[in-house]
Amino acid sequence: MNEEWKTIQHFGEDHFMINTNGNLKKLEYDFRDSKGRLHHYSECAVKVHYSKIRGREYGHATLCYKGMSKIITVHLEVAKAFIPNPENKPEVNHKNGNKRDNRVDNLEWVSRAENMHHARVNDLLNPVMGANHFRSKKVQAFHYKTGQLLATFESVHIAATFCGSANNCNHIVKVCNGKRDYAFGYKWRYVEETVTTNR
């Protein structure tokens with residue numbers, strides 16, 4: 001697929017462009033500062049940096065223009081520029097699960113529910129905390145009224161993410177610690193690990 005470039009509309013007076021592969025560049029321009037000095041800037045690539053958000057790496061870039069700066073998320077900008085969104089869906093999904101693959105063919109607009117479903121069926125909801133962190137303890141979800149076991153999760157974080165609230169792991173922890181009755185409509189309990197020793 002040939003690269004197609006489009007202007008980033010919301011910053012830099014049309015001096016930044018993004019293409020269908022997720023690459024960025026700043027166009028040539030002249031700028032006179034507050035002291036009247038003229039500065040010339042040649043066309044150049046804009047570097048993409050990868051940092052972790054909720055345990056997964058997303059590409060970000062800092063756009064600088066006439067003393068102002070703005071941080072953008074690359075996959076969102078690719079989607080805004082090249083993928084129609086008639087249903088006004090709020091999130092952009094990486095189809096192959098690789099957050100560094102920001103090609104337009106790998107992106108799609110999705111709802112929150114669709115994004116979560118994609119992550120579950122493709123086994124992308126992996127624990128993101130250390131093995132000894134409280135959020136990485138295995139937990140079980142029980143029906144609030146009947147006490148029936150409904151599901152077992154590898155970590156509190158995965159359980160909270162499954163419930164659509166990854167940032168509220170503490171709600172489940174409080175139930176497990178007896179500080180509240182339920183969270184997200186379930187009772188919760190840590191899975192007791194048993195250690196067998198040979199004698």
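Bear in mind that the values in this text are calculations on the coordinates, not laboratory data. As the structure is a prediction and not an experimental result, all values here were calculated from the model. Using ideal geometry, Cβ is built from the backbone for each residue, glycine included, and neighbour counts are taken over all protein chains shown.
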Under 5 Å from the placed amide H of Val92, counting only residues 5+ away or on other chains, we find Val110
1/(1 + (r/R0)^6) with r = Cβ-Cβ of His39 and Gln9, R0 = 35 Å, i.e. FRET efficiency to nearest 0.05, evaluates to 0.90
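Would you mind ranking Thr20, Thr62, Thr146 so that the residue whose beta carbon has the fewest other beta carbons within 10 Å leads the list? Walk me through the numbers on the way to the answer.
Values: Thr20 20, Thr62 12, Thr146 9.
In order of increasing Cβ crowding within 10 Å: Thr146, Thr62, Thr20.
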From the Cα centre of the range 75-126 to that of the range 20-51, the distance in Å is 28
Restricting to Cα pairs under 8 Å and 6 or more apart, the percent relative contact order of the chain works out to 12
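So between Asp30 and Tyr190, what do we pick up on full extension, going 0.36 nm a residue minus the alpha carbon distance? Intermediate results must be reported in sequence, preceding the final value.
Details: separation 160, 0.36 × 160 = 57.60 nm, distance 6.15 nm.
Gain in length upon complete extension: 51.5 nm.
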Note on the range 134-190: C-alpha Rg/Rh, Kirkwood Rh, two decimals, gives 0.91
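Using alpha carbons only, what's the Rg to Rh ratio of the range 5-121 with Rh from Kirkwood? Display every interim value, and only then the final one.
Values: Rg = 16.3 Å, Rh = 15.5 Å.
My calculation of the ratio gives 1.05.
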Over all viewing directions the Cα convex hull of the chain casts an average projected area in nm² of 18.2
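Rounded to the nearest 20 Debye, what is the dipole magnitude of the chain about its Cα centre when Lys and Arg each give +1 and Asp and Glu each give -1 at the C-beta? Don't skip to the answer; put the middle values down first.
On the way: 30 positive and 21 negative charges, 210 e Å.
For this selection, approximately 1000 debye.
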